[in-house]
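Below is one structure, written out as structure tokens; the observations come after it.
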Amino acid sequence: MNKREFLSRGGVGVLASSSAFTLAGMAQSQAHTPHQDATNATRNSAFDSWRERTGETFETHTALGRSVTLTLASVSALSAKGGASQTSPGLSQFDLAFEGARHLPLQEGLHTLVSANHGPLALHLQPHRQGDGMRYIAHFSLLA
């Protein structure tokens, strides 16, 4: 079969079958879309589980290998301008704030935090000076 015959005979069958697979795939993906209540519950569970860990300590290391202890100080939902809570469908945004000693500052970047209760966790931390200590912020944007 040459190209012309394929396009005139076989091409129609291929296009028809691929269209059927595409329509079936779309129907299947819509059939498995989680209900809005379940989506909201998933988004809120990540925020709530972090909030329950407030006060927990984590160990990490400076670039020179010195051990640093950070404490989860707060978990806060991001707000839109004017203080209104962001409620984008399918998106959960919040910040984790860790506190540590000022004499052992961490550079901005990816750090592995180890918790005695939950094991290692890699987070990107942004340092901010705060009084006698350092505050490190980790931002989360989770798609549900």
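The values are calculated or read from the model by the stated rules, or taken from the named source; none is laboratory data. Only a predicted model underlies this, so the values are computations on that prediction, with no experimental measurement involved. Please note that ligands, DNA and RNA were not included when accessible areas were found on the heavy atoms of the full protein model with its side chains. Shrake-Rupley method; radii C 1.70, N 1.55, O 1.52, S 1.80 Å.
Per residue, the stretch 88-144 exposes an accessible area of 58 Å² to a 1.4 Å probe, with every protein chain left in place. Residue separation of Ser76 and Leu121 scaled by 0.36 nm, minus their Cα-Cα distance, works out to 14.3 nm of gained length. Taking amide H as placed 1.01 Å from N in the peptide plane, Leu91 has its amide H under 5 Å from the amide H of Ala144, each at least 5 places away in sequence or on another chain.
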